[in-house]
């Protein structure tokens, strides 16, 4: 037997613990071509809130009564697939579950001898690839330009800022609280970080971007995006990755959309899983940076599958510090 968490009901407004249900399930017998994986870590990500809704979106909604969607990393414990052997470490999408069965589709073997397994769900996984794509394919920073990223201490934002610095740009973060801002500047090497909870976001960002803003990597929307948009230079580029400020269902208006026209801004939303052809290149580049110590990251880890709902609700409220994971074993 193993445990899994299913979506019991769709949230109306903020996510609640009652929206989830912890269940036991029987480990299935493997068919030819299948592998059985014991998941060690589960990734919790803001996109999951959108999937919990049945509103029209870029992907099908999470089905009620089924295992919650989510990325995992774990060890193959049984295999009837010649491409995978017992003991292989793999990244997959087994969801909020201690175990999973796959025919090998979208299952990726990873090397945990140099890079820790958990990092393959963060900086060397989907968040890292999200940062790599937004920076390299949309913002394309040039030396001396100023790049602003919201949720700067999170898994995506932290990687964005470091990639911007490696490209020779100035990196300015927006984060919640002095501790996170200190981490962004002192440990990650950003040039500045503005605490949006301090009550002077517009003034703080103006002071941190004296030459204006050339690129925005937007994870939050709302006031963070409005403040950054107000500082844009002509021909600024915006990679629209997330709108965390509206994940409970609120509409997120743009305060001054006229600036998109007057500053001839390029704004592009993107879904990183639509660019799987670039994942080998992006993850290889970020992986080398992590292995060499040139890319830093931080993780928040909750213990046990049963802790996932509380950890997820905390993530949506900005309580995590770095990549939010659940340790399953």
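The values are calculated or read from the model by the stated rules, or taken from the named source; none is laboratory data. What you see is a predicted model; the values in this text were computed from it and never measured. Please note: Cβ atoms are built from the backbone with ideal geometry, for glycine as well, and neighbour counts cover all protein chains shown.
To keep it simple, each residue is scored yes or no on (1) modelled with pLDDT of 95 or more; (2) outside the structural domain of residue 130 (by TED's automatic domain parsing); (3) in contact with a strand residue (DSSP E or B) (Cβ under 7 Å, 6 or more places away or on another chain); (4) in a helix (DSSP H, G or I).
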residue	(1), (2), (3), (4)
248	no, no, no, no
251	no, no, no, no
267	yes, no, yes, no
281	yes, yes, no, yes
284	yes, yes, no, yes
311	yes, yes, yes, yes
318	no, yes, no, no
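Summed over segment 222-244, the residues that are in contact (Cβ under 8 Å) with a residue 60 or more places away in the chain and either in contact with a helix residue (DSSP H, G or I) (Cβ under 7 Å, 6 or more places away or on another chain) or closer than 15 Å to residue 175 by Cβ (or both) give a count of 9.
Within segment 285-329, the set of residues being at positive phi and over 15 Å from the mean Cα position of the chain (by Cα) comprises 293, 304.
Of the listed requirements (1) within 23 Å of residue 70 (Cα to Cα); (2) surrounded by 22 or more Cβ atoms within 10 Å (Cβ to Cβ), residue 317 misses just one: (2). In a residue-by-residue description of segment 253-260, the property of being buried (at least 16 other Cβ atoms within 10 Å of the Cβ) and touching a helix residue (DSSP H, G or I) at 6+ places or on another chain (Cβ under 8 Å) applies to at least one position.
Would you call residue 118 modelled with pLDDT of 95 or more and within 30 Å of residue 31 (Cα to Cα)? It is true that residue 118 is modelled with pLDDT of 95 or more and within 30 Å of residue 31 (Cα to Cα).
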